[in-house]
Amino acid sequence: MTKSAELKKYLDKAIKEKFAIPAINTTNMETTQSIVEAAKEMNAPVIIQITESAIKYAGFSYAEAILKTAANTPQVFIHLDHGMSEEMAKQCIESPAFAAVMIDKSKFNLEENIAGTRRVKEYAGYKLVEAELGVVGGKEEDVIAEGSIYTNPCEAKRFVDETGVDILAIAIGTAHGIYKDEPKLNYEIIGQIREAVGNIPLVLHGSSGLSDEQLRKAVAAGINKVNLDTEIKQEFIKGFTQYLEKNPSDYDLRKIFGEARNYAKELIKHKIKVLGAENKY
Ligand code: G3H
Ligand code: ZN
């Protein structure tokens, strides 16, 4: 079975058994390792995702080599997050490391979003494609949006029918990055979209800063993939700075990054629990 088929199997299981697969962003080897180790320790399926700008930072072949190694762990799946260009989506589809890609045309009008998503879906073959409908607020890397626009369930049905997309990211009031005000989440829309589109995995973007309770409610309402970036990075930095505060004259990067990696791993394990993904592999 290909990694894409395996991932589909676990996304379908998430729909059936009402849990969500954590999809954690990576920017370096240590973050990647923290996700893999958390997945193993919790016996959970996890997605490691990487944005275009993170790929550019590392260089495609460095990123690909690290991700390919991570994907040797059976419950770990690799995904392109917020693919803004069709070229990058295609490059990742061609790569043996990637099980899935996201093509993000959500800032365009519905017709252009449908057309661009369909082009990538046709190119993808057996690999899974995620697309987004509606607007998740805030800023993530090169993705900037002023406010949230909730996904319309009727449009979602048309979008899924006309694109054949495998995984659908929806907007329910979350935002990328750090929340300035308490987010107002509309859990009802999740149920309405599920009703309209049937059994396609639904994704929550901008999940950092949500309480455990908010995450549990989103999963109970039908979310099956939860994207987390900012909080994990913050935790990584916390491990890094706390180590240096305690050991100000230490310059062994392995100890400093090692502590950062441990902090990130522990938070990921907590998120796996909250999302109900523990022992789902
Ligand atoms: O695609 C990635 C996410 O939506 C991450 O959002 O930084 O708010 O956790 P976050
Ligand atoms: Zn996102």
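Structural remarks
- DSSP bridge analysis restricted to the chain gives an antiparallel fraction near 10%, rounded to the nearest 5.
- Carbon plus sulfur fraction of accessible area for region 3-229, probe 1.4 Å, in percent: 52 percent
- Sparsely packed trypsin sites (Lys or Arg not before Pro) within region 79-123, loop by DSSP, other Cβ within 10 Å at most 15: Lys107
- Region 3-229: C-alpha gyration tensor shape, a/c 1.5 cut-off, then a/b vs b/c: rounded
- In loop segments of region 142-218 as defined by DSSP, the GluC sites (Glu not before Pro) with at most 10 further C-beta atoms inside 10 Å of their C-beta are Glu146.
- Translational D in µm²/s for region 26-140 (Stokes-Einstein at 37 °C, 0.692 mPa s, Kirkwood Rh from C-alpha pairs): 225 µm²/s
- Relative contact order (%) - criterion: Cα under 8 Å, at least six apart; region: region 3-229: 20 percent
The values are calculated or read from the model by the stated rules, or taken from the named source; none is laboratory data. Keep in mind the model is a prediction, meaning the values are calculated, not measured. Glycine gets a Cβ as well: all are built from the backbone with ideal geometry, and neighbour counts include every protein chain shown. Side chains are part of the model used for accessible areas, which takes the heavy atoms of the whole protein and leaves out ligands, DNA and RNA. Shrake-Rupley method; radii C 1.70, N 1.55, O 1.52, S 1.80 Å.
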